1. For the range 130-148, does any single residue satisfy the condition of being farther than 25 Å from GLN72 by Cβ, part of a loop (DSSP other than H, G, I, E, B) and polar (S, T, N, Q)?
2. Inside the range 78-88, can you point out the residues that are under 37 Å from the mean Cα position of the chain (by Cα) and of a type outside the set (Val, Ile, Thr)?
3. Listed residues SER91, SER154; which is at negative phi and either within 25 Å of the chain's Cα centre (by Cα) or free of Cβ contacts under 8 Å to residues at least 12 places away in the same chain (or both)?
4. Within 16 Å of GLY81 (Cα to Cα), in contact (Cβ under 8 Å) with a residue 24 or more places away in the chain and in a loop (DSSP other than H, G, I, E, B) - does that describe any residue in the range 101-121?
5. Looking at ALA65, ALA37, ALA71, can you tell me which residue is in a helix (DSSP H, G or I), among the hydrophobic types (A, V, I, L, M, F, W, C) and more than 30 Å from ILE104 (Cα to Cα)?
6. Criterion first (surrounded by 10 or more Cβ atoms within 10 Å (Cβ to Cβ), at pLDDT 90 or above and over 54 Å from the mean Cα position of the chain (by Cα)) does LEU6 satisfy it?
7. Please indicate, with yes or no, whether at least one residue in the range 57-73 is under 30 Å from VAL127 (Cα atoms), in contact (Cβ under 8 Å) with a residue 12 or more places away in the chain and among the aliphatic types (A, V, I, L, M).
8. Enumerate the pairs (first residue in the range 1-17 and assigned to a loop (DSSP other than H, G, I, E, B); second residue anywhere and surrounded by 10 or more Cβ atoms within 10 Å (Cβ to Cβ)) with beta-carbon separation below 9 Å, excluding pairs fewer than 6 apart on the same chain, so at least 6 apart or on different chains.
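The values are calculated or read from the model by the stated rules, or taken from the named source; none is laboratory data. A quick note: this is a predicted structure, and the numbers were derived from the prediction, not measured. Here the Cβ positions follow ideal geometry from the backbone for every residue, glycine too, while neighbour counts run over all protein chains shown.
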Amino acid sequence: MNETDLPALFVNVGILVLTGVMALVAFVQARAALHDAEAAKNAKNEAVAAQKASATALVEANQIAKDALNAQRRTLPAPWGVPFRLGDDKSGYGIPNTSGQAVIVNALDVEGGDVKLFFPQDLPAHVEYGDVLTFTAISGNRAGAGAVATIGWSVEGEPFEYKTKRHF
């Protein structure tokens with residue numbers, strides 16, 4: 001080896017040392033990546049398990065809510081009371097709102113009972129709890145005579161419409 005080869009030797013040794021350091025860094029990063037991949041797999045499995053538990057809890061919560069709603073419906077009063085005659089008027093009727101809340105009456109129809117003429121109040125009508133929905137029904141024999149009034153109504157602020165039938 002001569003003196004002119006000495007700088008090349010230093011360069012080669014430097015490259016060798018640098019290559020060794022870079023290999024060590026790559027090895028450490030590869031181990032860290034494997035560790036992170038394992039942690040990610042565990043996190044994924046935990047997330048899937050949590051999602052399954054959440055879905056099960058949601059099904060149970062929906063069933064509890066459904067049971068509570070059914071129980072509430074059984075304890076609530078009928079939304080409309082028994083029809084009654086208005087004073088001495090043989091053809092005037094009233095049906096009290098017993099729903100416990102203000103409602104909007106969208107439709108009122110009468111079927112059967114030989115009703116010849118039927119005049120509901122102006123619809124849609126706002127009927128407060130305890131107030132009375134009125135209408136006139138005249139039949140061939142006597143007022144009402146076994147007819148059925150069908151009330152189409154909804155609770156203020158709710159999108160659902162209900163239908164209730166009352167014999168008069």
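1. The answer is yes; a qualifying residue exists.
2. Of the range 78-88, the ones under 37 Å from the mean Cα position of the chain (by Cα) are 78-83.
Correct list: ALA78, PRO79, TRP80, GLY81, PRO83.
3. Working: SER91 fails: either within 25 Å of the chain's Cα centre (by Cα) or free of Cβ contacts under 8 Å to residues at least 12 places away in the same chain (or both).
From the options SER91, SER154, the qualifying one is SER154.
4. yes
5. Details: ALA65 fails: more than 30 Å from ILE104 (Cα to Cα); ALA71 fails: more than 30 Å from ILE104 (Cα to Cα).
Exactly one residue qualifies, and that residue is ALA37.
6. Considered against the rule, which asks whether it is surrounded by 10 or more Cβ atoms within 10 Å (Cβ to Cβ), at pLDDT 90 or above and over 54 Å from the mean Cα position of the chain (by Cα), LEU6 comes out as no.
7. No, the range 57-73 has no match at all.
8. Every condition considered, the pairs that remain are MET1/LEU9.
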